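Here the structure comes first, spelled out in C-alpha cells, and everything after it is commentary.
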There are 2 protein chains.
Amino acid sequence: MNELGYTRPTLYRYLKSLKDSGFVMSTRGGRFALGPRVVEMDYLSRRSDPLIAIATPHLERLTAAYPCTALIVRWYGDKILCVASIASTVNPVSSYPRGRPMPMGRGAIARSIMAFLPKQRLMPLVTRYAADLRSVGVGDAPDDILAALKRVRRVGVAVAFGEVTPGAVGIAAPILDAGYPSASLCITIAGQHANGELIDRISAEVREAARQISAAAERETA
Amino acid sequence: MNELGYTRPTLYRYLKSLKDSGFVMSTRGGRFALGPRVVEMDYLSRRSDPLIAIATPHLERLTAAYPCTALIVRWYGDKILCVASIASTVNPVSSYPRGRPMPMGRGAIARSIMAFLPKQRLMPLVTRYAADLRSVGVGDAPDDILAALKRVRRVGVAVAFGEVTPGAVGIAAPILDAGYPSASLCITIAGQHANGELIDRISAEVREAARQISAAAERETA
DNA sequence: AAAATAATCTCATTATAAGAGATTAATAAA
DNA sequence: TTTATTAATCTCTTATAATGAGATTATTTT
C-alpha cells in the first residue's frame, strides 16, 4: 500500500489474481515470492530460443578447450542480459548466470555490440555511458570513443581487462542478424592465465564461432 | 485474432504493452518471442529462493558422490516443477532442467510428496491420478494406493523404476515445511548401475539430506 | 511511381477495475 | 473456552480505462 498507493481491496485482488495465475506465490509468514509461472516461462523461453540451441555446442567446445566461462549475451535495444552461460571450472572468476544484467558502458560484450551499431543507434549510448567508457580507458572525447569502436569493428572482437569483474579478461564478438548485432559471444578467462598469445588465439576462435552462430541463426530465422 | 478473438487494434495494444514492458519481444519476420523480463524474473526468483540456496551444496555433494542427476522439485499445490538440477555426467539418463514440469501421478518425486500430504489434500489427487498410479503398479484400489503411500511415509523415501524416464531410477524424499511437504529432493541414477545395496545407500543419504534441508529452510523462514 | 498491404492512431461506447465500507475468518488475550 | 483484536475477503457504486469501428499513416510490392 505504501509503495504503490493502492488500497487494501485492490491489492488483495491484484495478489489474488497473480497467485491464481501462478506468477506469485505466498510463502510462510504472509510473505510473497515469484511463482511457478515465472519458472515455467523462462524454461519455455530457453527451449524456444534458436540462438541458445545454435550457440550451446560452441560454448561447450570453447569451455572444453580453455579454462574459461563462455557466455551468450542478448542485446535488447537498451540493455544486455546473459541468456546462456557455461563454465569450465566450478569456481569461475566471473559468474554471469542466465538473467543477470550486464553493464552497458563497460566490458568486452558491450563494446562488441556497440562497435557494430549504426551511428544513429550508437550515439545516444555513447552519450549516456560516456563516464563509464571514459573510466575504463576507451577514450575521453566522443571522437576517441568512436575511433576505439571503429578499431573493434575492424578487428571483429573486443577485449577488456577487468572492466566488469576485477581480474577477469573478456573477449567478445558480436552475433549479427541482418548486419545488426543481436547478441554477443564472450569468453572470460582469469587475468593471471592471460598472455598476448593466448588472447590472440581465443580472439580468433571467438570471432569465428560468432560468425558461425550468426550464419546459422540467420538461416534459421530467415 | 483467431486464437483469442480480439480485434486487431486490441492485440496491437496488448503486444505493444508487452513489448514495452519487456515480457515479449519481436523477432525477425514479424514474429514474437518471450522477452528479457521473463529471463530477469527467473533470475530474481532463483536468487531469492532460500530453498535453492540451502539445497545447492547438497546437490553438489550428491552428484559428486554418485553418477546421477540431483533435483529439487517444488510442489505448487496442483503441480510440481523442477527448480534446481545438477548432473554428474554430461549426458544424464534423465534431464529435468529448471522449469520443466513433472508428472503428478508417476515417479518417486510425486509419491514422496503425496505420502506426506494430509488425507484431505491427498484424496483428490489419488482420484485424479488413479489411472497413472495404477499403471505404474502402486495399487489398484484407492486403499492399495493409500497403503503404498503409507509405506513411503514410514520409510521416508520413495523409489521408482523407470516411471518417468525409461531406464532411470528415482529416489526421492520430501522437504517439509511445518510438517507439510513443500518440495522434494530426488536422485536419479541409470537403471543398469542400480542394485539393491546402492539404492539403499542413496536412499539413506537422500532422506538425511532432505531432513537437513527441511530443518535449515524452516530456520530461515520461521 | 502507383498500388497494395500492414501498422498505428482517434474517438465514442462499453466493460471493468477501484475504493468505501461491511462482513467474515483467524488469531491473541483474558 | 470466551472475548477482543486484527487480518482477510466480499459487495456495490462510481470512475476509469479498455474495446472495436473506422480513419490515417507507414511500409512493401508491383
Exercise. Report ³J(HN,Hα) in whole Hz for each residue of segment B:5-19, in order, from the Karplus equation J = 6.51 cos²θ - 1.76 cosθ + 1.60 where θ = phi - 60°; Gly and Pro get x.
Key: x, 8, 7, 4, x, 4, 5, 4, 5, 3, 5, 4, 5, 5, 5
Exercise. List the distances, in nm and shortest first, from the label point of residue A:161 to the matching label points in every other copy, placing each point 7 Å from Cα along the Cα-to-Cβ direction.
Key: 6.2
Exercise. Once the label point is placed 7 Å from Cα along Cβ, list for residue B:200 the distances to the corresponding points in the other copies, in nm, shortest first.
Key: 6.3
Quiz item: What residue of chain A has the nearest C-beta to the axis that moves A onto B, and what is that distance in Å, given as a whole number?
Solution: A:42, 2
Practice problem: Return the distance in nm (one decimal) between the two label points of a simple spin-label model at residue A:11 and residue B:6, each offset 7 Å from Cα along Cα→Cβ. | Solution: 2.8
Practice problem: Take every DSSP beta bridge whose two residues both sit in the protein assembly as shown, then give the antiparallel share in percent to the nearest 5. | Solution: 100
Quiz item: Pulled fully out, how much extra length does the chain show between residue B:178 and residue B:23, if you take 0.36 nm times their separation in residues and subtract their Cα-Cα distance?
Solution: 52.3 nm
Practice problem: Could you tell me what fraction of 2.2 N^0.38 Å the Cα radius of gyration of segment A:49-221 comes to, as a two-decimal ratio? | Solution: 0.94
Quiz item: Rounded to the nearest 20 Debye, what is the dipole magnitude of the protein assembly as shown about its Cα centre when Lys and Arg each give +1 and Asp and Glu each give -1 at the C-beta?
Solution: 1080
Exercise. Can you quote the Å³ per residue value for the convex hull of the Cα atoms in the protein assembly as shown, rounded to an integer?
Key: 190
Exercise. Would you order A:95, B:182 from fewest to most other beta-carbon atoms within 10 Å of each residue's own beta-carbon?
Key: A:95, B:182
Practice problem: Please order A:116, A:32, B:23 by the number of other Cβ within 10 Å, starting at the fewest. | Solution: A:32, B:23, A:116
Quiz prompt | For B:114, B:1, order by how many other beta-carbon atoms lie within 10 Å, fewest first | solution = B:1, B:114
Practice problem: Using the 7 Å Cα-to-Cβ label point, sort the distances from residue B:135 to its equivalents in the other copies shortest first and give them in nm to one decimal. | Solution: 5.8
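All of the numbers you see were taken from the coordinates with simple rules; none came from a lab. Since we're looking at a predicted model, the values are computed, not measured. We place every Cβ from the backbone using ideal geometry, glycine too, and count neighbours over all the protein chains shown.
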